[in-house]
Each structure stands twice: as C-alpha cells, then as structure tokens.
Amino acid sequence: MRLGVAALLVAVCVCRVQQCVCFPNGSVAFSCGSMAPSHPPYTASTSSPPFTLSTSSATYRPGGVITVTVEVKNSSTEFQGFLLQARSRKGSEEVWPVGSFTNISRSLFTALHCNNMQNSTVSQASGVKKKKVQVMWEAPSNSNYRDVYFSATLVQDYTTFWVQMKSRTMTLDSSSAAGVRFMYLLMC
C-alpha cells in the first residue's frame, strides 16, 4: 500500500513541475499567436512597461531590412526573456507573422518558425539578464501588408511580464511599392 501512495505522490509532483517549466532558451513556439508565456498562476502586468520597443525607420520597403530594438528605460531594470515578431492588420484581421529576422546570433537568440514561416519570430537563447536587444528584420518581398508593427512580450522575471507591447506602426514606402508593381507589369 505504501508503494502505491508513494507512486501517486511522485506522479502528482511530476505533473505540477511540468506546469511550471520555464524556457530560458526561448523555445516557446507554443506562444506564437498569443505571445503569452505560461507562468502559472501569474498573469501579464497591466502597469506601464519599463521598456521601449523601437524601429530604425518609420517606413519600410519590400525586402528592406529594419533594425528593431528592445531596451530598458532606466539602468536599474533588466529583462530575462522576450518574444518578438512583426504583425500587420488587414481590416479588423491581425496578420502574423510578417517578414523574417536575419543575421541571428544563435548564442544570443532563438529563431522560431511561427505559422510555418522560417525565422519569423525571435526569442532569447538563454535566461541571462539583458538591458538591450537589437535584431535585424527583413520585410516581405511583396507589398501585400501595408502597415506593419512589432509586437513584443517582455519577461522581467517569472512573476512580472508584459504581453504584446507594440512598436509604432511602420508604413510601406509607397514609392518602392509602386516601383515593384511597375517592374511586375513590365515583366508580364
């Protein structure tokens, strides 16, 4: 009888540990859509995040590269984890992910394949605390997306995190989109 109780206790403990597994290596593809970490019983903070999410340009060109930066607002703050992807809106529908991250340092970042799109989302490669993250994003080669913004989830620690912080919206450089359409018409 004691062996049965011990086995049941071990099984319950294993199940409880599985609910609280952290992913310091950034392999969190299950969060691609919601961008929410699984940190039971905690929920996302509703306070103003102590981070900024910015882009190197207010516009983008098809196939162009943009630098995306996540940075703390004050020097005493750090973050352990992040999840970052580009998104767009078509009417009321949210389209994700858009484009891909390039030149990814595997020692610093984990590239994720969300919605079967290679390198479409990026996360941390370890739980090392950070003050700043900078990555390169390549816009899609077509101009189907119009306005694009970046969405980020930042994890300060297991109990404190912010979900889907948004960057300013980048608009499609219409002169380059017109050039792409003109070149397409010439080829047809």
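Each reported figure results from applying straightforward, stated rules to the coordinates on display, with no laboratory input. Keep in mind that this is a model prediction, so the values were computed, not measured. Cβ: placed from backbone, ideal geometry, glycine included. Neighbour counts: every protein chain shown.
Comparing Cα centroids, the stretch 55-105 and the stretch 146-177 end up 5 angstrom apart.
Using the Cβ-Cβ distance between Tyr149 and Asn103 with R0 = 22 Å, the FRET efficiency computed as 1/(1 + (r/R0)^6) comes to roughly 0.55.
I need the calculated FRET efficiency for the pair Val65 and Thr159, taking r as the beta carbon distance and R₀ as 41 Å, to the nearest 0.05. The computed FRET efficiency comes out at 0.70. At an R0 of 25 angstrom, the distance between the Cβ atoms of Asn115 and Thr52 translates into a FRET efficiency of 0.40. Spatially close Lys pairs in the stretch 24-173, defined by Cα atoms under 27 Å apart and a spacing of eight or more places or different chains, total 10.
Computed 3J(HN,Hα) for the stretch 89-99, one whole-Hz value per residue from the Karplus formula 6.51 cos²θ - 1.76 cosθ + 1.60 where θ = phi - 60°, is 10, 10, x, 8, 8, 8, 10, 8, x, 10, x, glycine and proline marked x. Taken one residue at a time, the phi angles of the stretch 44-61 give Karplus couplings (6.51, -1.76, 1.60, θ = phi - 60°) of 4, 5, 9, 6, 5, x, x, 9, 10, 10, 9, 10, 6, 8, 8, 10, 9, 10 Hz. Gly and Pro are set to x. Label zone (Gln134, point 7 Å along Cα-to-C-beta; backbone nitrogen cut-off 16 Å) within the stretch 99-114: 102-105, 108-109.
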